[in-house]
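Below you will find the structure I want to go over with you.
Each reported figure results from applying straightforward, stated rules to the coordinates on display, with no laboratory input. Every value quoted in this text rests on a predicted model; they were computed, and no experiment measured them. Cβ coordinates were reconstructed from backbone atoms using ideal geometry, including for glycine residues, and neighbour counts include every protein chain displayed.
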Ligand code: NAP
């Protein structure tokens, strides 16, 4: 591919759900755009995360674009929770249906985006030598797109078997038949893949540092009657999602957990456990703000684990105790706990016996050696800031985003950054993003950015930039709302705790999707309050 030298209205970085819809909207505004995508296919998260059992934990009828009624009417999901291949097919269908591919350049990583103050343009360079000058630079780089690589374990280079990261799974798949396999990590990716790998492998060793709370998905073929009902009224279904707390509608109540009897509480928990999915976290309004209320849900969970896992010592190890339920992202599984009843699965407690080293034939903890043929690292991502921090982004005065965020990300609304004019982030830190149905949050940001560019055009403005005061006020608000909850109590990727050396701050905005949308809309209605517009 010959490197391009080009001038466009906008560069979009990333061709996942966010980048594709942004491109579609910019075209609608008559703006020229070029999308750069590191992968050799589109789809972002759903392109890379092909590990066994990969599946969305938001229901299919919710986890899809709403911007085109024709699209949402014609597409047919097959399951309650769509598996990765089906979501990737959907994204590819969207790209074809809206003729998006001609502006997307694959296998190209953006390495640099530098704001030229004199020209008021972004100069963007890629690892293939492309140099593109753009008025707007839009980061659609994803929140969980930068895997923790290389895995931080000594001796890995000596390992003679094959190793994999769940977030960079080989496209041809992996057959573990007859192999002894180690999996490190017990987050969502591990919890989905463990039951599948256990069915294939000769033996599976699960290395757990922190147990997670996981709820059954009760996945099943999509009920045609449910599909018909939603499609008959998709507009209202989407509207309700947009003003909801997390971007999909969940049954909720105003009754605090501690105001009712233990039996009534458990009835509610049981009903939600039987329904399956993330709705469990909304059983009572005080679960994420009152430790005692939270403990009632946590204990319900621990009892469930004890009732499923036959070996009491293993059940005990799988039962989380040292952080409130919901403050690390809850997992949604198919047969996770039951998998520990299999003879070919061993749970290893890394808190008691940490990994010393990886060796040519396996790995060694402080207690013993494990001979394995393959290692699966399900150790997660440098979340929310990882992808952005790997691009050399320089704003006014040559300040890098990396420098600006040295003590943690600072944004206005999770969309813009003071000192970086005409740079936008889709679902950036400081927005609900990972605490919501991502598609709802992506569409909201893309629409907001498109409206903002229209406004700028109408006023013949050259650049729009968040003011430092507005940014500071928003960061303070994000922290205040986050600190009023139990979330900061957990060592989670929400706070950067999973990456050694990463500054600790609660990155997403917990105020709720509906309330956040109102705040963004009010900013726009007020002439983009908190932004400065420079005339051309
Ligand atoms: P994760 O939630 O960050 O889990 C990583 C796991 O690896 C944790 O158990 C962690 O233990 C462990 N770990 C990390 N570094 C380690 C080390 N040095 N030594 C030992 N253990 C280590 O990552 P993930 O499972 O990939 O999921 C990330 C997020 O992606 C999820 O929370 C979710 O938002 C999203 N996701 C969604 C789905 C879905 O839709 N169903 C599926 C997969 C992922 P600690 O807890 O002790 O740090």
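Contact order normalised by length for region 252-328, with contacts defined as Cα pairs under 8 Å and 6 or more residues apart; what percent is it?
30 percent.
Still on this model: What does the highest-first list of 382-391, 333-342, 314-323, 451-460 look like by mean Cβ count within 10 Å?
Ranked by mean Cβ neighbours within 10 Å, highest first: 382-391, 333-342, 314-323, 451-460.
Under the classification rounded if a/c is under 1.5, otherwise prolate if a/b is larger than b/c and oblate if not, where does region 190-302 fall, given a ≥ b ≥ c as square roots of the Cα gyration tensor eigenvalues?
Working: a/c = 2.19, a/b = 1.12, b/c = 1.96.
The shape class here is oblate.
Could you compute how fast region 455-496 diffuses translationally, taking Rh as the Kirkwood radius over C-alpha pairs and applying Stokes-Einstein at 25 °C with viscosity 0.890 mPa s? Give it in µm² per second. Spell out each step's value before the answer.
Working: Rh = 13.0 Å.
Estimated via Stokes-Einstein, D reaches 188 µm²/s.
If I take every Cα pair under 8 Å that is 6 or more residues apart in the chain, average their sequence separation and divide by the length, what percent do I get for the relative contact order?
Values: 1085 pairs, mean separation 103.2, N = 536.
Dividing the mean separation by the residue count of the chain yields 19 percent.
Something else now. Dividing the alpha-carbon Rg of region 49-94 by 2.2 N^0.38 Å yields what?
Here the Cα radius of gyration is 1.12 times the empirical estimate.
Cα convex hull of region 411-462: mean projected area in nm², to one decimal?
The directionally averaged projection comes out at 3.4 nm².
Quick check: the distance between the Cα centres of region 49-100 and region 258-279, to the nearest angstrom?
30 Å
To the nearest 10 degrees, how steeply does helix 188-200 sit against the main Cα axis of the chain, on a 0 to 90 scale?
Approximately 50 degrees, to the nearest ten.
Find the Cα radius of gyration of region 86-137, compare it with 2.2 N^0.38 Å by division, and give the number to two decimals.
Region 86-137 yields a ratio of 1.48.
Something else now. Can you tell me the equivalent ellipsoid semi-axes for region 134-254? Use √(5λ) from the Cα gyration tensor, largest first, whole Å.
37, 23, 16
What's the angle, to the nearest 10 degrees (0 to 90), between helix 291-308's Cα axis and the longest principal axis of the chain?
In the chain, helix 291-308 runs at an angle near 50 degrees to the longest axis.
A further question on this structure: How tilted is helix 262-275 with respect to the longest principal axis of the chain? Cα atoms for both, answer in degrees (0 to 90, nearest 10).
70 degrees
In Å and whole numbers, how far do the C-alpha atoms of region 30-113 stretch along each principal axis, longest first?
Principal extents (largest minus smallest coordinate, Cα): 40, 33, 18 Å.
If you average the alpha carbon positions of region 440-507 and of region 174-215, how far apart do those two centres end up, in angstrom?
Going from one Cα centre to the other spans 34 Å.
How would you order 226-238, 183-195 from highest to lowest mean count of nearby Cβ atoms within 10 Å?
On the way: 226-238: 14.1, 183-195: 24.9.
The packing order, highest mean first, is 183-195, 226-238.
When all C-alpha to C-alpha distances in region 334-465 are sorted into bins of 10 Å, what percent of pairs does each bin hold, rounded to whole numbers?
Whole-percent P(r) values from 0 Å outward: 10, 26, 22, 17, 16, 8, 2.
Using a Förster distance of 22 angstrom, determine the FRET efficiency expected from the C-beta separation of residue 467 and residue 518, and round it to 0.05.
After rounding to 0.05, the efficiency reads 0.60.
Under the rule a/c < 1.5 gives rounded, and otherwise a/b versus b/c splits prolate from oblate, where does region 1-45 land using the Cα gyration tensor?
Oblate shape, in that a/c is at least 1.5 and b/c is the bigger or equal ratio.
Follow-up. Starting from the coordinates of the alpha-carbon atoms of region 1-79, obtain the Kirkwood hydrodynamic radius over all distinct pairs and give the value in Å to one decimal.
On the way: mean 1/r = 0.0674 Å⁻¹.
So the Kirkwood estimate lands at 14.8 Å.
With a cut-off of 15 Å, note down the residues of region 447-470 whose backbone N falls inside the zone around a label point 7 Å from the Cα of residue 120 toward its beta carbon.
Answer for this model: 453-466.
Hey, how many Å between the Cα centroid of region 372-417 and the Cα centroid of region 291-369?
Comparing the Cα centres of region 372-417 and region 291-369, I get a distance of 30 Å.
Rounded, prolate or oblate: which fits the chain when a ≥ b ≥ c are the square roots of the eigenvalues of the alpha-carbon gyration tensor, with rounded for a/c under 1.5 and prolate only if a/b beats b/c? Numbers along the way, then the final one.
Values: a/c = 1.64, a/b = 1.37, b/c = 1.20.
It is prolate, given that a/c is not under 1.5 and a/b is the larger ratio.
Looking only at region 452-490, which residues have a backbone nitrogen under 15 Å from a spot 7 Å from the Cα of residue 289 in the C-beta direction?
480-488
From zero up to wherever the largest Cα-Cα distance of region 397-536 sits, split into 5 Å bins and tell me the percent of pairs in each.
2, 10, 19, 24, 19, 14, 7, 3, 1, 0
Sorted by mean Cβ packing within 10 Å, highest first, what order do the peptides 41-48, 21-28 take?
The peptides rank, most packed first, as 41-48, 21-28.
Report for the chain the percent antiparallel among DSSP-assigned beta bridges with both residues inside it, nearest 5.
40 percent
So, how do all the Cα-to-Cα distances of region 73-195 break down into 10 Å bins, in percent, from 0 on up?
8, 26, 29, 24, 11, 2, 0
In percent, how large is the relative contact order of region 50-200, given Cα pairs closer than 8 Å and 6 or more residues apart?
26 percent
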